[in-house]
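Here the structure comes first, spelled out in structure tokens, and everything after it is commentary.
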Amino acid sequence: MRIVRIEASVVQVELIKPYVTADSRKQGMTEKHSVVLRMFTDDGLCGIGESDPSPTFSPESPESVMQVIRHHTGPAVLGMAPDNLVALHVKMDSVVLDCPFAKAAIDVAAHDLLGQALGVPVYQLLGGQVRDQVPMIWPIGSGTPEDNAREAVTKVEEGYGSLHIKFGALGPEEDVARVKAIREAVGKDIPIMVDVNQGWDLSTAIRTIRRLEEFDLRIVEQPVPAWDLESMAKIQASVDLPISADESLYSPHRAMELVRRDAARVFSLKTGKCGGLFRTRQIAAIAEAAGLPCFVNSMIEMGISVAASLHLAASIPNLVEHGHALMSNLRIKDDILLPDSFRYEGRNILIPEKCKGLGIRLDEEKLERRTLDRFVLEI
Ligand SMILES: [Mg+2]
């Protein structure tokens, strides 16, 4: 079995509701461009992958991912066997440094291909299955305290058992008022985490997190810029709340550095950001060895990435107990997967049984209609 053809497309989808975060520069995101990759083998199989970079989140963009795949990683893996995941990553790392989002598209498609070829779910390739469903968290973008509290109540009534509140687009005073309003509206039993998306400096972070402790939060994610591990460590040493590393965590090397510095007590995992399933599973193992839990997170992404993260979540024993961000496809208007690709029980997403590979099906017509740009590489 050899990889003989790669098709990569930039796909545009719209969000149901504009999403305001510190890194969307306050105006709110209304649409998202993602890269969809289809990888074909000489025995007629097709694996699918997706990558969802955002240039305000990390250095890659959909356009840079397309260029890296077109000129570097794509030509490098053509002709290789997709059943040797280690060799695929060694090869990709030998032709381009870093670029985890670009490598993730090929990694996820290779896992899908290998699962299909062996007749097993992707989570089997990641070590096995330790749970049969995952609770979903609901993310709330920046807005007024009243609007945010209203949305929180609506989502809790819909069955979401935990909330993820975006911070950092507004000032700390306004953000504290928002979380106060949300906590009062949903009561004390709903786990709440907040995500600052690099929006604060060291002193603002320590001062504001101390004020947040009365609202019984579970996690504060990425309070300071991704590069500033020294401040991450100082914040974690100064407050009781666990600090989660998201933008700061994008490779196994970074995971080791965060552990060495005690700079985060939760690891936020995203298959794209971390270079695909193979590398993300390594990062989860580093967290497990350090005694840290992981939060399965998402970019604004379509169902292919959600499926990849779902298989990942199935295989990781050390997850935080509250919900995970496996709802991203529910925030976009028109996913490119066929509607039967996921099963839910309330607001839990179920791990697929007896599927081959990712266990999802593309809607070819939608993919075609939503494609802005495309290239093909062939042997
Ligand atoms: Mg985050």
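Numbers at a glance
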item	result
Filter result (closer than 20 Å to Thr21 by Cα and among the small types (Gly, Ala, Ser)) within region 211-244	Ala226, Ser244
Hits in region 312-341 (condition: in a helix (DSSP H, G or I), in contact with a strand residue (DSSP E or B) (Cβ under 8 Å, 6 or more places away or on another chain) and within 13 Å of Glu50 (Cβ to Cβ))	Asn329
Cβ-Cβ under 8 Å pairs, at least 6 apart or on other chains, region 214-231 side at positive phi and within 14 Å of the ligand (Cβ to nearest atom), far side not in a helix (DSSP H, G or I) and not polar (S, T, N, Q)	Gln222/Asp195; Gln222/Val196; Gln222/Ala245; Gln222/Asp246; Gln222/Glu247
Residue in region 150-160 that is under 19 Å from the mean Cα position of the chain (by Cα) and surrounded by 20 or more Cβ atoms within 10 Å (Cβ to Cβ) present	yes
Unique residue being out of contact with any His (no Cβ under 9 Å at 6 or more places or on another chain) and under 17 Å from Leu114 (Cβ atoms) when the list is Val35, Val4	Val4
Count of residues meeting criterion [small (Gly, Ala, Ser) and modelled with pLDDT under 95] in region 55-83	1
Breaking point among (1) within 21 Å of Ala109 (Cβ to Cβ); (2) in a strand (DSSP E or B), for Phe295	(1)
Subset tally (residues that are surrounded by fewer than 22 Cβ atoms within 10 Å (Cβ to Cβ), within 16 Å of the ligand (Cβ to nearest atom) and of a type in the set (Gly, Ala, Ser)) for region 268-303	0
Close pairs (6 angstrom Cβ cut-off, 6 or more residues apart or separate chains): under 24 Å from Pro55 (Cα atoms) and modelled with pLDDT of 95 or more in region 195-209, among the hydroxyl-bearing types (Ser, Thr, Tyr) and within 11 Å of the ligand (Cβ to nearest atom) anywhere	Asn197/Thr21
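The values are calculated or read from the model by the stated rules, or taken from the named source; none is laboratory data. Since the model is a prediction, treat every value here as computed from it, not as a measurement. Cβ coordinates were reconstructed from backbone atoms using ideal geometry, including for glycine residues, and neighbour counts include every protein chain displayed.
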